[in-house]
Amino acid sequence: MEGEGGAADLENDTRRETAMPTFHVEMFEGRTVEQKRAFVKAVTEAAVKTIGCTPESVDIIITDVKPENWATAGTLWSDPRPESV
């Protein structure tokens, strides 16, 4: 019976723990592997500390994006940026 601390509850808790969290990070291309390695280490440590998960349950997916594929306020990041006034 569920909810009474049986094997089914332990299995469900284990599945929930291993299924979370997953971070999807998009950033401009150009970071080195060393920078990414430091970043994922810091994010993993922060997740463990703040939400109480295990390091083994933290997945981080990094997507490198070309500036021509990212826009803010209607302007591609590959285009010249207007100077701040």
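The values are calculated or read from the model by the stated rules, or taken from the named source; none is laboratory data. Treat the numbers as computed from the prediction; the structure is a model and nothing was measured. All accessible areas refer to the heavy atoms of the entire protein, side chains included, with ligands and DNA or RNA removed. Shrake-Rupley method; radii C 1.70, N 1.55, O 1.52, S 1.80 Å.
Using heavy-atom solvent-accessible surface (probe 1.4 Å) with all chains present, what is the largest-first order of T32, T75?
Largest accessible area first, the residues go T32, T75.
List, in order, the whole-Hz ³J(HN,Hα) value for each residue of segment 33-42 obtained from phi through the Karplus relation with A = 6.51, B = -1.76, C = 1.60 and θ = phi - 60°; use x for Gly and Pro.
Running phi through 6.51 cos²θ - 1.76 cosθ + 1.60 with θ = phi - 60° gives 4, 4, 5, 5, 4, 5, 4, 5, 5, 5 Hz.
Give the long-range amide H neighbours of I60: residues separated by 5 or more places, or on another chain, with amide H under 5 Å away, using H modelled in the peptide plane at 1.01 Å from N.
F23
For segment 61-72, what does the Karplus curve 6.51 cos²θ - 1.76 cosθ + 1.60, with θ = phi - 60°, yield as ³J(HN,Hα) per residue in whole Hz, taken in order and with x for Gly and Pro?
Here the 3J(HN,Hα) series is 10, 9, 10, 7, 10, 6, x, 6, 9, 9, 9, 9 Hz.
Amide H of F28 versus every other amide H placed in the peptide plane: which residues, excluding those fewer than 5 positions away on the same chain, fall under 5 Å?
V65
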